[in-house]
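As structure tokens, the structure follows; a few thoughts come after it.
The values are calculated or read from the model by the stated rules, or taken from the named source; none is laboratory data. Here the structure is a predicted model, which means the values were calculated and not measured. With ideal geometry, Cβ positions are generated from the backbone for all residues, glycine too; neighbour counts draw on all protein chains shown. In case anyone asks, the SASA skips ligands and DNA or RNA and just uses the protein heavy atoms, side chains included. Shrake-Rupley method; radii C 1.70, N 1.55, O 1.52, S 1.80 Å.
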Amino acid sequence: RNRRRPLPYEHIIVESEPPVGIIRLNRPKVLNALSFDVLREIADALEAFDKDDRIKANILTGNDDAFSAGADIKELSEATPVDLIQRNQFALWDRLKKIAKPIVGAVSGYALGGGCELAMCCDMIVASETARFGQPEINIGIMPGAGGTQRLTRTVGKFRAMEMILTGQHITAREAEKHGLVNKVVPLEAYFGEAKKLALQIAQKGPVAVRMAKEAVLKAFDTPLEEGLQFERRNFYLLFSTEDMREGMKAFMEKRPPNFKGR
Ligand code: CAA
């Protein structure tokens with residue numbers, strides 16, 4: 001009775017503000033470096049929101065100074081390949097990839113290395129003017145390992161990705177916007193609010209359609225066009241079995257807002 005319940009999360013702050021789920025990285029002293037435990041907590045929290053019907057979209061954020069400065073270098077400096085294999089950290093990144101509900105990244109300050117890769121795991125990115133993106137792994141004798149060489153290249157193109165990954169140089173939020181790495185750049189005081197606006201906008205839509213549409217867009221990353229089109233078509237057909245589809249089209253014809261139920 002008197003026993004203190006263990007806090008569910010130690011390195012992140014999770015706020016449920018239905019319809020939005022908010023996850024804040026909370027290791028300010030190390031610029032939100034991504035230890036194994038932080039990543040595990042992020043994956044746990046996003047999976048919990050996936051199971052919570054009241055939540056329709058997520059926001060993943062850090063603080064004003066850092067979204068995240070990347071993998072925890074202290075945790076990695078003595079590691080051998082066998083350690084890495086046994087730790088199997090990338091299994092956590094695979095869990096992030098499978099999150100069904102949209103994730104809006106609200107990025108301010110440093111988004112470097114694994115931090116940039118984590119931002120790229122989000123479905124949309126709103127950045128403050130102070131945000132800095134980069135893959136500086138090359139400066140410490142390694143290379144991106146959590147999808148950076150693939151996701152960055154597919155996003156900004158070969159030449160810019162090469163420059164960022166081979167020189168380790170950071171780019172500013174404005175440059176990132178120009179290259180299609182972020183959706184929106186806003187003043188520091190506005191980035192979280194803008195991310196929330198986007199999340200709330202998505203939360204108004206039919207959740208099944210949102211989920212299937214997200215899944216189909218992500219397919220574009222790893223399938224040839226023809227296969228992606230087939231996948232899209234399958235999801236499109238499936239949505240015609242939902243109540244939300246009937247309601248959405250009926251509401252349009254009756255000139256009223258739809259009342260989506262997520263069924
Ligand atoms: N891991 C562990 N600790 C980190 C860290 C990281 N990635 N980044 C910053 N910190 C710690 C620093 O050690 C420092 O701690 P102390 O106060 O105990 O010394 C604290 O955070 C503040 O950092 P700085 O004093 O360095 O702050 P700064 O403002 O002078 O510099 C910075 C900021 C440019 C981001 C610099 O901290 C930096 O270059 N960090 C490392 C960035 C990096 O190389 N990231 C890639 C990691 S590898 C990776 O991510 C692999 C992968 O793909 C999965």
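Here are some notes:
- Count of region 64-116 residues which are charged (D, E, K, R) and within 20 Å of the chain's Cα centre (by Cα): 8
- P18 meets all of the listed conditions (1) under 25 Å from G193 (Cβ atoms); (2) in contact with a strand residue (DSSP E or B) (Cβ under 9 Å, 6 or more places away or on another chain); (3) away from the ligand (no atom under 11 Å from the Cβ) but one, namely (2).
- Unique residue being within 7 Å of the ligand (Cβ to nearest atom) and not aromatic (F, W, Y) when the list is E129, E137: E137
- Test result for E41, in contact (Cβ under 8 Å) with a residue 24 or more places away in the chain, touching a His at 6+ places or on another chain (Cβ under 7 Å), surrounded by 12 or more Cβ atoms within 10 Å (Cβ to Cβ) and of a type in the set (D, E, K, R): yes
- Residues in region 166-182 that are among the β-branched types (V, I, T) and crowded, with 17+ Cβ neighbours inside 10 Å: I171, V182.
- The lone exception for F36 - which of (1) of a type in the set (F, W, Y); (2) modelled with pLDDT of 95 or more; (3) surrounded by fewer than 18 Cβ atoms within 10 Å (Cβ to Cβ) it fails: (2)
- Cross-chain or 6+ apart pairs with Cβ under 9 Å, region 58-71 first and over 11 Å from A119 (Cβ atoms) and away from the ligand (no atom under 11 Å from the Cβ), then among the β-branched types (V, I, T) and open to solvent by 10 Å² or more (accessible area, probe 1.4 Å): D64/T130
- Matching residues, region 236-263, being in contact with an Asp or Glu (Cβ under 9 Å, 6 or more places away or on another chain) and surrounded by fewer than 16 Cβ atoms within 10 Å (Cβ to Cβ): N259, K261, G262, R263
- Hits in region 199-235 (condition: more than 17 Å from the chain's Cα centre (by Cα), closer than 18 Å to A251 by Cβ and open to solvent by less than 80 Å² (accessible area, probe 1.4 Å)): G206, P207, V208, A209
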